[in-house]
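Structure first, then comments.
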């Protein structure tokens, strides 16, 4: 059976739609129809029942789907082994990153990766964590780096980097020189939040709810889709916000923002590697993850005498 026809069949079966499969595979809908028709003729059976509203698999298609996935996976595994054997270090890498990782963490990793593998072409899509997961599921990207654990039966998650979230304010916003802010001060302060769906927002919501503060208890004055916009608003004194400590290093050095911890609360989280289950990672993707691991291990060694700041990776 033809490899491309099987990939087309799997896409239609998973999307229950010829048009959605066409979008995912970057081909026209007539091409999808032609591929499925050829496969049906080859097998001598009908694979899909189509109505004006939906596409349903026949019993033959349900049997084929199991084997088609195995055939495609074995084909991809063979291609990868051959590529590795010939030491080919070129290819393409499609990556999705949530905003904090993409803007403040990823550049360091990409610099070293491009120095080691200059022939690998990288495309990075920066969006919030849920949008990255959707891009993975639709096969628009090969791997995702996200800020919050997302439960999805189609996705594998691995923690790779520890991060701390702090409350930020203009230097003279709070009186005194205490590095800690109480939950009551948080409740009374005008808050500038990231949009719903962002990793930072999800983690902050989780910690606040565990502390007994729900959305109605807070004075949320603004929701923004950009970390840079949030920093600018906070610098102007219009409110305070929760943000990754990694995102304000420059502003702290320049004295533009001050970071506070919350009394009796440690806002820690992990960043995660996300990829599709039962999917063979491309060689370029594996090379990137190996580079990621190498950099994090070096950071671990550098801060080994400060356990609270250790980084961690699993790939």
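Where a number appears in this text, it was derived from the coordinates with a stated rule and is not lab data. Just so it is clear, the structure is predicted and the values come from calculations on it, not from any experiment.
Numbers for the structure displayed
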item: Antiparallel %, DSSP beta bridges [both residues in the chain], to 5; result: 55 percent
item: Degrees, to the nearest 10: 3-15 long Cα axis against longest axis of the chain; result: 60 degrees
item: Fraction in percent of alpha-carbon pairs per bin - 5 Å, region 120-217; result: 2, 9, 18, 19, 16, 12, 10, 7, 4, 2, 0
item: Principal axis box of region 79-150, alpha-carbon based, largest edge first, Å; result: 37, 26, 17
item: Cα Rg, Dmax, region 29-184, angstrom units; result: 23.4, 80
item: Euclidean distance of C-alpha centroids, region 204-249 and region 274-289, integer Å; result: 33 Å
item: Folded to 0 to 90 degrees: helix 59-85 orientation relative to the chain principal axis, Cα; result: 70 degrees
item: Rg and Dmax [Cα atoms of region 162-268; Å; Rg one decimal, Dmax integer]; result: 12.5, 35
item: The chain - Rg over Rh from alpha carbon coordinates, Kirkwood radius; result: 1.06
item: On Cα atoms only, tilt of 106-116 relative to the major axis of the chain in degrees; result: 50 degrees
item: Dimensionless Rg ratio for region 3-85, taking C-alpha atoms and the 2.2 N^0.38 Å reference; result: 1.14
